[in-house]
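The values are calculated or read from the model by the stated rules, or taken from the named source; none is laboratory data. Quick caveat, the model's predicted, so the values are computed rather than measured. We place every Cβ from the backbone using ideal geometry, glycine too, and count neighbours over all the protein chains shown. These area figures cover heavy atoms from the full protein model, side chains too; ligands, DNA and RNA do not enter into them. Shrake-Rupley method; radii C 1.70, N 1.55, O 1.52, S 1.80 Å.
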Amino acid sequence: MKRISQREIANLLGVNVSTVSRALRGLEGVSQELRQKILSLAKEQGYRPNPFAVSLRYDTTRTIGIVVPDVSFNHYAHIVKRIEAEARKVGYMCIITDSDDKYENEKNCIDLLVNMHVEGIIICLAQETTDFSHIQHLSRIHMPVVLFDRDADIDISSVIINDAESAREVTNRLIDGGAKRIAFLGGPNKMKQASERKHGYLEALRERGIPIQKELVKCNFISFNSGLSDTNDLLDLPEPPDAIIASHGMLTTSAMKAIESRGLRIPEDISIVGYMSDWISDVLTPRVSFVKQNQKEIAVKAFKLLHDQMDGDTCVQHVIVKARLELRDSTR
């Protein structure tokens, strides 16, 4: 059914569009009899205000945009859901877009959101993104913007976890549990999140006097297939690892699949720790020891930074949310 417009209501009643507008908005200058006719016809025809027309008139849309690498992935879905809840509390709605972890898609998502006149954008960068000019351009056009989960060395507010510190803690815990050859599965080296987690892992090995072996470090595009392939390569080594740190939930599940396909036991033959959600850890067998990322706090703080910017705050802030290691059954 076609949406009826104010102009069509005016034509049906033989009055001016401005008269219809005043009546629908409850303004003076319209007789009670005519106002009732306009309201009755509007209700009968299912009239609803055009939000885009309203936004152009008042220069506000009460919407924000969110860009995530994969909206179906549990980690991002939880954060997006909480951002939506925070936005709703202050009368904002969210437009959610998915970059599929691709740079060009990310740029297109941002262009779409800007063209839709959102009042701010919260972004988790794609794995492919190494040029941040499109993000910096948002600041130049005075568009409030906040990065979350994955940030970059640019002058843009962000909310991330303590990536290096958490990986260092995981590595030390595995060493304390008797691991001698700890492998690291990470994302692309050019992605700051991946490089920070790898740095924490390497720092712990150096501190404990364990030689760094390049063949135990795999940093490639994050996907189930890459995790499967990299884990199989590790298991094919003359001296395979006795523990694996997987810096993403996808890499954790693919590593477990590869280990189990070899008939190896977790943790008796090989321990594994992942960065993932607690409920996913609990449904896997064995339950996976994991780095617990406070998704609620990430979302709340990301939206607060954005809302403050929309209220005129120009201060760039980098917020770190502390993650912690939760031990389950996949580590010795």
Open item on the list: Among the residues of the stretch 64-76, are any under 30 Å from I160 (Cβ atoms) and among the polar types (S, T, N, Q)?
Closed with: yes
TODO: Might you check whether a residue that is surrounded by 16 or more Cβ atoms within 10 Å (Cβ to Cβ), among the small types (G, A, S) and under 18 Å from I79 (Cα atoms) occurs anywhere in the stretch 298-309?
DONE: yes
Open item on the list: Which pairs turn up if I take residues in the stretch 209-232 that are under 22 Å from Q127 (Cα atoms) and touching a residue at least 12 places away in the same chain (Cβ under 8 Å) and look for partners that are assigned to a helix (DSSP H, G or I) and among the charged types (D, E, K, R) with beta carbon separation below 6 Å, at least 6 apart in sequence or on another chain?
Closed with: K218/D230
TODO: Just name the residue that is most open to solvent (accessible area, probe 1.4 Å) out of those in the stretch 84-110 that are of a type in the set (G, A, S) and at pLDDT 95 or above.
DONE: A85
Open item on the list: For the stretch 226-248: of the residues being open to solvent by less than 10 Å² (accessible area, probe 1.4 Å) and among the small types (G, A, S), which is farthest from N74 (Cα to Cα)?
Closed with: A243
Open item on the list: Looking only at strands (runs of 3 or more DSSP E) that lie completely in the stretch 195-297, which have at least 3 residues being under 21 Å from the mean Cα position of the chain (by Cα)?
Closed with: 289-292
Task: Members of the stretch 175-194 found to be among the small types (G, A, S) and either free of Cβ contacts under 8 Å to residues at least 12 places away in the same chain or in a strand (DSSP E or B) (or both), listed by number - done: A183, G186
TODO: Can you give me the number of residues within the stretch 71-126 that are without any contact (Cβ under 8 Å) to a residue 12 or more places away in the chain and in contact with a Phe, Trp or Tyr (Cβ under 8 Å, 6 or more places away or on another chain)?
DONE: 0
Task: Output for the stretch 285-297, where each listed residue is open to solvent by 10 Å² or more (accessible area, probe 1.4 Å), touching an Asp or Glu at 6+ places or on another chain (Cβ under 7 Å) and more than 18 Å from D149 (Cβ to Cβ) - done: P286, R287
Open item on the list: I'd like to know if the stretch 116-135 contains one or more residues that are among the small types (G, A, S) and out of contact with any Leu (no Cβ under 9 Å at 6 or more places or on another chain).
Closed with: yes
Open item on the list: Cβ-Cβ under 8 Å, sequence separation 6+ or interchain: first residue in the stretch 1-23 and within 15 Å of Q36 (Cα to Cα), partner assigned to a loop (DSSP other than H, G, I, E, B) and of a type in the set (G, A, S). Which pairs?
Closed with: T19/G29; R22/G29
Task: Selection count where residues are in contact (Cβ under 8 Å) with a residue 12 or more places away in the chain, of a type in the set (G, A, S) and part of a loop (DSSP other than H, G, I, E, B), scope the stretch 298-332 - done: 2
Task: Residues that are open to solvent by less than 60 Å² (accessible area, probe 1.4 Å), modelled with pLDDT under 85 and within 20 Å of M310 (Cβ to Cβ), drawn from the stretch 37-68 - done: V54, S55, T60, T61
TODO: Tell me, please, whether a residue that is modelled with pLDDT of 95 or more, β-branched (V, I, T), closer than 20 Å to I320 by Cβ and open to solvent by less than 10 Å² (accessible area, probe 1.4 Å) can be found in the stretch 261-284.
DONE: no
